[in-house]
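Enquirer: Starting off with a structure, shown below.
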Amino acid sequence: MLVIQVGCEVSRHLLRIIVGRYLELYRRGPSAEVVSKLLFFTLYGEGEPVLRLPERFTIYLKGPFIPVDRLAERCGIDVVRVGDSYYVKKPGEAAAEGAAALRRMGLGELAETAMKVVEAYGRKSEEELAELALKKLGLEGDVKALAFNVDLDAYLDFRRRLKEILKKTKYTDEVEEFPDLFSNV
């Protein structure tokens, strides 16, 4: 699978869409946890990502997290953090401009996905989003502890390789294979 490392320009527009659309719909700024989960569902919603941002996701007990502050600082994104929430000037315009810019880059589908993700998951609490993200990754119950503080892409690569190994391994039914050994069973 080909994963494209995108630069700051795509990250800037994607973050402006998510924060702008969230502000437009819910009239409050999203927290870093919420922004991280919405970015996760946008990029990893269909399984394996096709785009990778300049900053990487890490899996914590609260689910996948990307350091939004570092991403914004690194890419010069005009999303402002006030307290625990993120804001952008003129949210409706910011979201529309971000979507238009991604469409011009040939990433219209990504822009539409981001908008739909904000609409579908924006009302959920941080806890609900974390639970949904961990469930999406197959990390429920005690298994969560195994993936604590792991790079998301490394985890997905490990999981994909493990599935390939399990598919290649031939299942053997010992009773059918060696009937004389199990004739008294």
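Enquirer: Solvent-accessible area per residue for region 76-164 at a 1.4 Å probe radius, Å²?
Expert: 61 Å²
Enquirer: Okay, moving on. Considering only protein heavy atoms and a 1.4 Å probe, what is the carbon-and-sulfur percentage of the accessible area of region 40-100? Write down the numbers at each step before the final one.
Expert: On the way: 1550 of 2980 Å².
Looking at region 40-100 in its full context, I get 52 percent from C and S.
Enquirer: If you don't mind, another one. Beyond 28 Å between alpha-carbons counts as too far, so tell me which of K62/K163; K116/K136; K37/K89 fall in that bin. Kindly include the intermediate steps, with their values, before the conclusion.
Expert: On the way: K62/K163 25 Å; K116/K136 17 Å; K37/K89 22 Å.
Beyond 28 Å between Cα atoms: no listed pair.
Enquirer: So for region 10-95, what percent of the C-alpha to C-alpha distances run longer than 15 Å?
Expert: Values: 1975 of 3655 pairs.
Every Cα pair in region 10-95 considered, those over 15 Å come to 54 percent.
The values are calculated or read from the model by the stated rules, or taken from the named source; none is laboratory data. Computed from a predicted structure; not experimentally measured. Heads up: the accessible areas ignore ligands, DNA and RNA and are worked out on the full protein's heavy atoms, side chains in. Shrake-Rupley method; radii C 1.70, N 1.55, O 1.52, S 1.80 Å.
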